[in-house]
Amino acid sequence: MFTGIVEELGEVVGVEPCGDSIRLTVRGPLVTEDAVHGASIAVNGVCLTVVETADGAFTADVMKETLDRSSLGVLAPGARVNLERPVRLSDRLGGHLVQGHVDGVGRILSREPGERWETVTVSVPAGLSRYIVEKGSIAIDGVSLTVVEAGDEHLSVSLIPTTLELTTLGHKAPGDPVNLEVDVVAKYVERLTAARPEVTR
């Protein structure tokens, strides 16, 4: 479990094709300082399992399901990525509960600069908009953000200077893909009310 508060901008240093999967190596001295085999690290919002660590970098296997559901398949050496270690039970919950289970890939539609911030509009894949509400939470490339506008096919968020400087969202251009994870609470509520129609009466 994560909170969507990015700890470090890492760099992809290796992508090894393995049939219908890849082996991804990412440099991130901060997140690897206490990482061990089997630990979890979120890469652009995708929870990956550490296979090995060396010299401030870690390696993880990325399976077909993850490649199909996320944008990790387009990463190449030199790409910057958002990194976060799992939250400890004793930690403050700075963002919101993020599982690292990406629901789909959106694309940056536009960026509108303000005096010290930017409003970014992102496309939303079919079927996900029902889980997104104005002033609700959304994880975009693993960054916990508040939804400013929720449309049927898009959403907008406002990025403060810290987010622009310390995450990949400060550098994404229109057309670039981003990983989206909706608030898991909404999905559980939908499933429970569908199973018990009388709850909605």
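Long-range amide H contacts for Ala39: which residues qualify at under 5 Å (H placed 1.01 Å from N, peptide plane, sequence gap of 5 or more or a different chain)?
It is Val50, by chain and number.
Calculate the FRET efficiency for Val36 and His171 from the Cβ-Cβ distance with a Förster distance of 25 Å, rounded to the nearest 0.05.
Rounded to the nearest 0.05, the efficiency is 0.20.
Quote to one decimal, in nm, the extra length available between Arg111 and Asp68 on full extension: 0.36 nm per residue of separation minus the C-alpha distance between them.
Between Arg111 and Asp68, full extension yields an extra 12.8 nm.
What does the accessible area per residue of the chain come to in Å², with a 1.4 Å probe and no ligands, DNA or RNA counted?
Ligands and nucleic acids excluded, the result is 53 Å² per residue.
Tilt of helix 184-195 relative to the longest C-alpha principal axis of the chain, in degrees (0 to 90, nearest 10)?
Once rounded, the angle reads 50 degrees.
Can you send over the solvent-accessible area of Ile5, 1.4 Å probe, protein chains only, in Å² to the nearest 10?
Roughly 80 Å² of Ile5 is accessible to a 1.4 Å probe.
Round to the nearest 0.05 the FRET efficiency obtained for Arg80 and Ala186 when R0 = 41 Å and r is the Cβ-Cβ distance.
E between Arg80 and Ala186, to the nearest 0.05, is 0.85.
How much length would be gained if the chain were fully extended between Val148 and Leu89, taking 0.36 nm per residue of separation minus their Cα-Cα distance, in nm to one decimal?
Here the segment from Val148 to Leu89 would lengthen by 18.3 nm.
Could you sort Leu93, Leu48, Leu30 by accessible area so the largest value comes first, with the probe set to 1.4 Å?
In descending accessible area the options line up as Leu93, Leu30, Leu48.
The values are calculated or read from the model by the stated rules, or taken from the named source; none is laboratory data. As the structure is a prediction and not an experimental result, all values here were calculated from the model. Reconstructed Cβ throughout: ideal geometry from the backbone, glycine too, with neighbour counts over all protein chains shown. Keep in mind that these areas ignore ligands, DNA and RNA; they rest on the heavy atoms of the full protein, side chains included. Shrake-Rupley method; radii C 1.70, N 1.55, O 1.52, S 1.80 Å.
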